[in-house]
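Okay, structure first, notes after.
Bear in mind that the values in this text are calculations on the coordinates, not laboratory data. For clarity, every value in this text was computed on a predicted model and none was experimentally measured. With ideal geometry, Cβ positions are generated from the backbone for all residues, glycine too; neighbour counts draw on all protein chains shown.
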Amino acid sequence: MEFYEKPVESKIVYRGLVVDIRFDTAELQNGSRAPREVVVHSGGVGIIPVTKDGKVLMVRQYRYPMEEELLEIPAGKLADGEAPLDCAVRELSEETGCAAGKMIDLGAIYPSPGFCRETLYLYLALDLSFGEMHLDEGELLSVEQVGIDVLIDRIMANEIPDAKTIIGVMKAQKYLSGGSFIQGSQSPGC
């Protein structure tokens, strides 16, 4: 059986700086109708930058919605019309000051598909060259280098709750240990 729902009515009820909220009525495959609230987000990227000695560059920052400081992979929101790889190159530079000689596409994820229309594209960044960070206004963070095995241990001990970080680090570790699931690699030209 194939499952589907089709929108019958749709109304934007909120327009924000980062998200819009839509209220829809959907028709289900059995003909019944159901209300659906959808948070619409432009999408973003998460980057797992790994140094030559196997350390992952992580960012520590306060996350207002969660009311706590988190250790995460560098990440950011796609600008209108921006390609995910271009966004990954930009965000890596802004948040860590690094450029990557090689970006490996680790695929896309849906962080919370029950209510949010957001796609995050994950990239493994290798052959790093270091420069200066240039953060967005209002962005405060620090960069830490953590061994990938230490990160896996911290993930499994429930010390890192951020979904994109958990998935990104685990996919990067699988790739670096010889995994063969990867879609392809791209050179960012930087």
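Some observations on this one:
- In terms of its C-alpha gyration tensor, the stretch 45-117 has an oblate overall shape, because the principal axis ratio a/c (a ≥ b ≥ c, square roots of the eigenvalues) is not below 1.5 and a/b does not outweigh b/c.
- Compared with the direct C-alpha span, the chain from I152 to S129 gains 5.8 nm at full extension, assuming 0.36 nm per residue.
- Ordered by the count of other Cβ atoms within 10 Å of each Cβ, fewest first, I47, I167 give I167, I47.
- Karplus-derived 3J(HN,Hα), 6.51/-1.76/1.60, for each residue of the stretch 48-56, Hz, glycine and proline x: 10, x, 10, 6, 4, 8, x, 8, 9
- Here the stretch 18-36 is scanned for amide nitrogen atoms under 14 Å from the site 7 Å beyond the Cα of E9 along Cα-to-Cβ, giving 23-27, 33-36.
- Per-residue packing, averaged as other Cβ atoms within 10 Å, sorts the ranges 102-110, 12-20 into the order 102-110, 12-20, beginning with the highest.
- The phi-based Karplus calculation (6.51 cos²θ - 1.76 cosθ + 1.60; θ = phi - 60°) puts the 3J(HN,Hα) values of the stretch 2-14 at 9, 9, 7, 9, 10, x, 9, 9, 8, 9, 6, 9, 7 Hz, whole numbers, x for Gly and Pro.
- Taking the centroid of alpha carbons for each part, the stretch 145-177 and the stretch 65-101 are 17 Å apart.
- Note on K171: lysines with a C-alpha under 29 Å away, same-chain residues under 8 apart excluded, are K52, K55, K77, K102.
- Spin-label pair E2/E27, simplified geometry with 7 Å Cα→Cβ offset, distance in nm: 1.6 nm
- Read-out mean projected area of the Cα convex hull in nm², derived from the coordinates shown; its label in (i) 9.8; (ii) 13.1; (iii) 10.9: (ii)
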